[in-house]
Each structure stands twice: as structure tokens, then as C-alpha cells.
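Let me begin by presenting the structure, written as C-alpha cells, before commenting on it.
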Amino acid sequence: MNASVLTANALQKTFGTTRALAGVDLVVTRGESVAIMGASGSGKTTLLHVLAGITAPDAGRVTFTPASGAALEVTALGESERSRLRRESFGFVFQQGLLIPELTAIENVSLALMINGTPRRAAEEHAAGWLASLGLAGMEQRRIGELSGGQAQRVAIARAQVTGAEIVFADEPTGALDSRTSSEVMDALLWSTTGQGRTLVVVTHDSSVAQRCSRIVHVRDGRIVQTEVAA
């Protein structure tokens, strides 16, 4: 069995009078794909954000163990340190992609590298390689509005992977797509993560997407109520 890459212990989070997380424990192993499912308001997106260091929990701990180097307690890091961790070790794909519409596909992807200090030419060469591997060769200079929904999501996947992220967090990455395009995007997402020995954590309401993952975690009222092996 692979070693753990992400471990959550006793996570709690409250927004006003709403308890989003009520003592969540979760271990994610390296190279697996985990789908988090639950009804609206169940706490699944909050769990994803806490695991990824976007949101700080009120109590509990998240530990990230990189492939090389010592384990890091994400919840003990300051905001600037968490931002650096998200830039360098984590990748993100959201429902609408959150791409910059004024930029071309290659600019959206290479920007993630340039923020980390990679020179523009090297960043664009690497970005072009990822776009080509995801079936977007020849579309590098198109702006996001000139792409289909599925193509735009593949740009978002390339952006999430271009920095060499060990874990990709995806929040409803197929939520705005039709079933055929959804399947194609999941193909790309799984190939670029677990297919490369990396790890995927995805929040979804779509059971067909969840069944493509190796494990499904069901969340209700801020707690994990069931875990099942899928793929």
C-alpha cells in the first residue's frame, strides 16, 4: 500500500451558526484518486478547501507529506507559507476553470510557472507540452472565450499540472459540462494525475465521475459517513 500524502485529523470548521466540519479524519494515499460526495451544504467543499490550505480550520490538523522532504503541518503554516505551498505543490481545477479570459491558453498555463520565477520562454515551452498532451496542440494562442467548455477545462488541468503539483484538488470540475464532455475531461484529469503517479482529490455531485475514482468518501452534516472503493 502506498504511503499517505495527506492526513487530516479531527477537522472542525464553523461559519456563523453553521457547522461545516464536525471532526473529520481522512487519509489520502499517494497516487490514489478520492471523490468526495455529499448534498449541498454537507461540508464537502469546505473539506476540500481545508485539505488544500485555502481555508484554515477552527480545530484539527492537516499534514502533507511530499515525495521528498519532511512532512509539513499545513494547518500550522502562516498564510504566505500556505500560499507558497499551493503554488508549488498543489494544483487546482474548479467548475468554471477560473481562467483569465484576457489571456491565451498558453499564457494562462505558463503564468503559473512565471509566478514561481520561471523565465517566460521556458514557461511557455513547458506549457505548450502540457497543452499538447491534453489534446490542445494548435490552440495555444486562443483566448478562453474561443474554446469549448471541455477545452477550457483541459487548459485548467494543464495549469494545475504544469508546476509539477503532487496533489490536484478539483471542485466540481465537470459540473458545467454535458455527459460526453464530462467523460473526456475526467479522462484528461485522471491521466494527468494518477496516470503520472500523482494524487487527485475531487468534489463532485456526479456519481459517474465519482465511480471513475479509486475511492469515494461520502460526507453528511460535516462528517464522513461512508467510504467505499470505486474503480
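Checked against (1) in a loop (DSSP other than H, G, I, E, B); (2) farther than 24 Å from Arg30 by Cβ; (3) more than 14 Å from the chain's Cα centre (by Cα), Ala122 passes all but a single condition, namely (1).
Among residues that are among the small types (Gly, Ala, Ser), assigned to a strand (DSSP E or B), touching a strand residue (DSSP E or B) at 6+ places or on another chain (Cβ under 8 Å) and surrounded by 23 or more Cβ atoms within 10 Å (Cβ to Cβ), Ala170 is included.
Restricting Leu177, Leu113 to residues that are of a type in the set (A, V, I, L, M), assigned to a loop (DSSP other than H, G, I, E, B) and within 18 Å of the chain's Cα centre (by Cα) narrows the list to Leu177. Taking the listed residues Gly53, Gly91, Gly23, Gly31, the one that is assigned to a strand (DSSP E or B) and surrounded by 15 or more Cβ atoms within 10 Å (Cβ to Cβ) is Gly91, with no other qualifying.
Among the residues making up the stretch 206-231, a single one is over 18 Å from Thr194 (Cβ atoms), among the hydrophobic types (A, V, I, L, M, F, W, C) and free of Cβ contacts under 8 Å to residues at least 60 places away in the same chain: Val225.
Listed by first and then second residue, the pairs linking a residue in the stretch 50-73 that is within 13 Å of Leu85 (Cα to Cα) and charged (D, E, K, R) to a residue that is modelled with pLDDT of 95 or more and surrounded by fewer than 17 Cβ atoms within 10 Å (Cβ to Cβ), with Cβ atoms under 7 Å apart and 6 or more places separating them unless they lie on different chains, are Glu73/Arg61.
I'm told Leu99 meets every condition in (1) at pLDDT below 90; (2) within 27 Å of Thr181 (Cβ to Cβ); (3) surrounded by fewer than 16 Cβ atoms within 10 Å (Cβ to Cβ) except one. Can you identify the failing condition by its number? Evaluating Leu99 over (1) at pLDDT below 90; (2) within 27 Å of Thr181 (Cβ to Cβ); (3) surrounded by fewer than 16 Cβ atoms within 10 Å (Cβ to Cβ) leaves (3) as the failure. I'd like to know if the stretch 26-39 contains one or more residues that are in contact (Cβ under 8 Å) with a residue 60 or more places away in the chain, more than 19 Å from the chain's Cα centre (by Cα) and farther than 17 Å from Arg82 by Cβ. Checked the stretch 26-39: at least one residue is in contact (Cβ under 8 Å) with a residue 60 or more places away in the chain, more than 19 Å from the chain's Cα centre (by Cα) and farther than 17 Å from Arg82 by Cβ. Just wondering, is there one or more residues in the stretch 123-138 that are buried (at least 22 other Cβ atoms within 10 Å of the Cβ), under 28 Å from Ser208 (Cβ atoms), touching a residue at least 24 places away in the same chain (Cβ under 8 Å) and hydroxyl-bearing (Ser, Thr, Tyr)? For the stretch 123-138, residues buried (at least 22 other Cβ atoms within 10 Å of the Cβ), under 28 Å from Ser208 (Cβ atoms), touching a residue at least 24 places away in the same chain (Cβ under 8 Å) and hydroxyl-bearing (Ser, Thr, Tyr): absent.
The values are calculated or read from the model by the stated rules, or taken from the named source; none is laboratory data. Keep in mind that what you see is a predicted model, and the values were worked out from it rather than measured. Positions of Cβ are generated from backbone atoms using ideal geometry, with glycine treated the same way; all protein chains shown enter the neighbour counts.
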